[in-house]
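The values are calculated or read from the model by the stated rules, or taken from the named source; none is laboratory data. All values reported here derive from a predicted model rather than from experimental measurement. Quick reminder, even Gly has a Cβ in these numbers, built from the backbone with ideal geometry, and neighbours come from all protein chains shown. Keep in mind that these areas ignore ligands, DNA and RNA; they rest on the heavy atoms of the full protein, side chains included. Shrake-Rupley method; radii C 1.70, N 1.55, O 1.52, S 1.80 Å.
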Amino acid sequence: MVRRVVVLASLMLLALTGCKSGSEANGEMVSDIIVTEVPERAAGQEHMVNFAAPKLKTVRIGMIGLGMRGPSAVDRFCNIPGAEIVALCDLHADRVSKANDILAKYGKEKAAEYSGSEDAWKELAERDDLDLIYIVTDWQTHVPMALYAMEQGKHVAIEVPAAHTLEDIWSLIDTSERTRKHCMMLENCVYDFYELTVLNMVHQGLLGDIVYAEGGYIHQLEDFWNYYEGDWRMEFNKQHRGDIYATHGMGPACQVLDIHRGDKMNYLVSMDAEPKSIPAWLKENRNEEVTDFQNGQHTLTLIKTEKGRTIEIHHDVATPRPYSRQYNIAGTKGYASKYPMPLLALKGESIDEGVAPDHENLSAHSWLPKEVQQKLFEKYKHPIHTELEEIAKQVGGHGGMDFIMDYRLIYCLRNGLPLDMDVYDMAEWSALAPLSAISLEHHSAPVQVPDFTRGYWDIVDGYRHAFVE
């Protein structure tokens with residue numbers, strides 16, 4: 001079912017004529033936005049906010065996709081107590097065999113192998129000895145695989161982004177709610193050591209009231225374009241406008257702001273720059289002339305929340321900029337910034353006695369001295385960071401955050417706890433793709449962000465309950 005998008009006539013007039021909104025529009029307040037429909041929850045279907053499934057002694061895993069990311073996930077699960085890889089699937093048989101070699105290296109039992117057919121993954125999902133389907137495939141296959149797996153009674157974990165249309169997002173939510181199966185997105189960046197530390201600083205009140213969060217994905221992909229099977233990622237960028245890969249920035253920002261745990265996103269506005277670099281790369285490297293390349297050189301999205309905070313999200317896979325996830329958090333007492341290096345600024349009175357020498361001389365208009373920052377980063381390490389740092393660095397996966405992500409998924413399933421990231425996180429973080437595209441298509445008009453919880457966004461008092469069990 002296609003979700004209806006209502007475009008108010010007055011908004012269209014403003015966008016097309018260039019008139020200003022608000023008090024500047026001839027003194028008349030204009031509050032029109034593009035409204036996206038929220039379908040009614042089916043009768044008898046309940047929300048999944050703070051949902052916890054029954055405990056599992058061992059989490060039996062079926063993995064689909066063994067290309068770029070899958071093999072390293074196999075290796076990580078071999079280091080996680082209570083995780084057992086039972087079945088492996090990929091279109092290519094040699095990849096499945098190599099993944100089984102990883103299990104053998106750890107002395108694990110050989111997993112069942114599925115390959116050779118585009119539907120082989122369905123046979124895997126239909127097994128009755130699996131609890132979790134771990135989906136590490138191209139973007140276009142995420143939704144059908146996840147829906148089918150949940151219908152077969154399995155929890156699902158899906159690589160980012162989980163979905164790219166509102167219709168698909170609502171389908172994942174409805175299926176998760178109806179089957180009472182977790183639908184988690186594998187957003188690793190929320191487990192980066194710096195992001196965890198800042199999250200703990202926020203929960204401990206060090207930064208005061210948070211008023212602004214920034215995130216993004218700045219990563220020139222010229223070295224990678226030729227390695228996506230079937231050229232699927234380039235084709236997606238050719239055909240789709242908007243922030244199609246927003247979750248690395250959205251995840252940490254939304255957790256800091258307690259999104260659907262006391263606050264919610266109300267509306268967004270997006271702008272993009274004319275695509276230059278990737279069409280030029282296609283011409284130079286493939287002799288391909290693309291005149292209607294859709295994805296912008298840089299896409300910027302601004303979001304306003306119910307509590308009056310703002311989020312700023314960037315996407316740029318074209319410009320030769322150093323890698324960055326643009327992680328910046330601003331509060332009434334402090335400011336944290338990760339790139340190009342982890343930095344921290346605080347109001348002088350925010351520092352406890354004895355934490356740093358000469359703290360009376362610290363200025364709110366400059367970064368804290370390096371030694372002071374180091375002491376604070378150590379003091380405010382997140383409990384999960386403290387517990388898992390050593391083994392996470394040994395096992396690896398983007399510096400260890402992939403291991404923590406998988407560890408927490410298995411830990412929560414084994415202990416019957418709500419997941420750190422639920423189906424509504426998946427929805428909110430993935431939704432920037434369709435919502436930003438709608439805004440761009442209507443001259444950067446404001447677009448309503450649906451309440452994917454359908455009225456339950458404020459029943460949990462803050463995100464600080466997570467990661468502590």
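Values as computed for the structure displayed
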item: Å² of accessible area per residue within the chain, as computed with a 1.4 Å probe and no ligands counted; result: 43
item: Given charges at beta-carbon only (K, R positive; D, E negative), |dipole| of the range 145-245 in Debye; result: 380
item: Listed residue pairs exceeding 18 Å between alpha carbons, taken from LYS57/LYS154; LYS238/LYS276; LYS57/LYS98; LYS55/LYS110; result: LYS57/LYS98; LYS55/LYS110
item: Of all DSSP beta bridges in the chain, antiparallel share, percent nearest 5; result: 50
item: Positive-pole candidate from ILE404, LEU440, ILE391, dipole of the range 385-454, charges at beta carbon; result: LEU440
item: For the range 126-190, size of Cβ-based charge dipole, Lys and Arg +1, Asp and Glu -1, in debye; result: 140
item: Mean-position separation - Cα centroids, the range 264-291 and the range 393-446, in angstrom; result: 24
item: 5 angstrom amide H check on VAL211, placed H, neighbours 5+ away; result: ALA330, GLY331, THR332
item: Relative contact order %, the range 196-296, counting alpha carbon pairs below 8 Å whose residues are six or more apart; result: 32
item: Packing-based order for 281-291, 243-253, using average beta carbon neighbours within 10 Å, highest first; result: 243-253, 281-291
item: Largest to smallest accessible area among MET271, MET185 [probe 1.4 Å]; result: MET271, MET185
item: Leading residue at positive end of dipole, the range 48-161 (Cβ point charges), from LEU124, ILE102, ASN79; result: ASN79
item: From the coordinates shown, mean projected area of the Cα convex hull in nm² corresponds to which of (1) 26.4; (2) 24.6; (3) 21.0; result: (2)
item: Taking only Cα atoms of the range 395-456, radius of gyration then Dmax in Å; result: 16.6, 48
item: Amide hydrogen neighbours beyond the local backbone of ASN266, cut-off 5 Å, H modeled; result: LYS304, THR305, GLU306
item: For the chain: relative contact order, % (alpha-carbon pairs under 8 angstrom, 6 or more apart); result: 22
item: Electrostatic dipole magnitude of the chain [Cβ: Lys, Arg +1; Asp, Glu -1; Cα centre; debye, to 20]; result: 520
item: Qualifying aspartates and glutamates (Cα of each under 12 Å from Cα of LYS381; at least 8 residues distant if same chain); result: ASP192, GLU195, GLU389
item: Carbon + sulfur, % of accessible area of the chain - ligands and nucleic acids excluded, 1.4 Å; result: 49
item: Exposure of GLU46 as accessible area (Å², to 10), given a probe of 1.4 Å and all protein chains; result: 120
item: For the chain, calculated [θ]222 nm from helices alone, where every DSSP H run of n ≥ 4 adds -39500 (n - 2.57); result: -10000 deg cm²/dmol
item: Dipole of the chain, positive direction: furthest Cα of PRO144, CYS183, THR36, with charges on the beta-carbon; result: CYS183
item: Area accessible to solvent at PHE193, 1.4 Å probe radius, in Å²; result: 40
